[in-house]
Amino acid sequence: MLRRPAKKGLVVLDRDGVINRDSPDFVKSAAEWLPLPGSIEAVAGLSRAGFTVAVASNQSGLGRGLFDRRALAAMHRKFRRLVANAGGRVDRIVVCPHTPDEGCNCRKPRAGLLHRLGRYYNTELGGVPVVGDSLRDLEAAVNAGARPILVRTGNGRKTEASLKRAPRAALRSVVVFDDLAAVAAALVKE
Ligand SMILES: [Mg+2]
Ligand SMILES: [Zn+2]
């Protein structure tokens, strides 16, 4: 059966620093997975407005042995439950488990995770909003032909400052919002 995104289309979110608090020590358990203010409502709002909400996340902590698949699943159960309680739905979550030196094609800034979602939903990625807080999220979006959106949460302010010097014009013109709630409000109005 062919899967298709809901009527408003697909929106792809980075996880750490966009939905939940990031940590320099990695987010290793459901207890450490703490939503940013307003993010759960933002995800639920996108879903209720007719978007299919997917998450594409680098999780090199898996490859580094800092946590395992069970812990990751527990984090995502917590996330999905919070969004469900807010009246929405998280659709597909894809992660890159590899460390940077493994040279995989899924770790952002590579576009592998986004292409995986495109195949899963049988949809083109052109125009699909990809929301992130780090340069590699935006680069992955550009590499996939999607639409990069930066939030100022997580690493976002640092990333915003670095964009002025970005080598690629597509990165210098990225749209920036304060947080996921502001992104969701804008996308719902489109
Ligand atoms: Mg992030
Ligand atoms: Zn990977």
Worksheet item: With contacts defined as alpha carbon pairs under 8 Å and 6 or more residues apart, what's the relative contact order of the chain in percent?
Response: 24 percent
Worksheet item: Which shape class applies to segment 53-102: rounded if a/c is under 1.5, otherwise prolate when a/b exceeds b/c and oblate if not, where a ≥ b ≥ c are the square roots of the Cα gyration tensor eigenvalues?
Response: oblate
Item to complete: Compute the distribution of all C-alpha to C-alpha distances in segment 61-190, in bins of 10 Å from 0, and list the percent of pairs in each, rounded to whole numbers.
Response: 12, 35, 42, 11, 0
Fill in: Those Cys residues of the chain for which no other cysteine Cβ falls under 4.7 Å
CYS104
Worksheet entry | Prolate/oblate/rounded call for segment 1-140, Cα gyration tensor, a/c under 1.5 rounded | oblate
Response to the item:
Residue span SER173 to PHE26: 0.36 nm per residue of separation minus Cα-Cα distance leaves a gain in nm of 49.9 nm
Discussion item. Restricting to Cα pairs below 8 Å that are 6+ residues apart, what does the relative contact order work out to for segment 1-73? Please round to a whole percent.
Written reply: 43 percent
Practice prompt. Taking only Cα atoms and a 10 Å spring cutoff, compute GNM fluctuations for the chain and point out the largest among VAL90, VAL174, VAL55.
Written response: VAL174
Worksheet item: Residue separation times 0.36 nm, minus the C-alpha to C-alpha distance between LYS7 and GLU102: what's the value?
Response: 30.5 nm
Worksheet entry | Net length gained if the chain between ARG69 and ALA86 were fully extended (0.36 nm per residue, minus Cα distance) | 3.6 nm
Worksheet item: Can you list the lysines whose alpha carbon sits under 27 Å from that of LYS8, skipping same-chain ones fewer than 8 residues off?
Response: LYS78, LYS108, LYS189
Discussion item. Within the chain, which whole H helices from DSSP have a Cα span along their axis of at least 18 Å and a mean Kyte-Doolittle hydropathy of -1.0 or more, if any?
Written reply: 69-85
Discussion item. Need the C-alpha centroid separation for segment 156-190 versus segment 1-79, integer Å.
Written reply: 19 Å
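Bear in mind these aren't lab numbers, they're just calculated from the coordinates by the rules spelled out. This one's a predicted model, so the numbers in the text were calculated from it and none came from an experiment. Don't worry about glycine lacking a Cβ; one is built from the backbone with ideal geometry, like all the others, and counts go over all protein chains shown.
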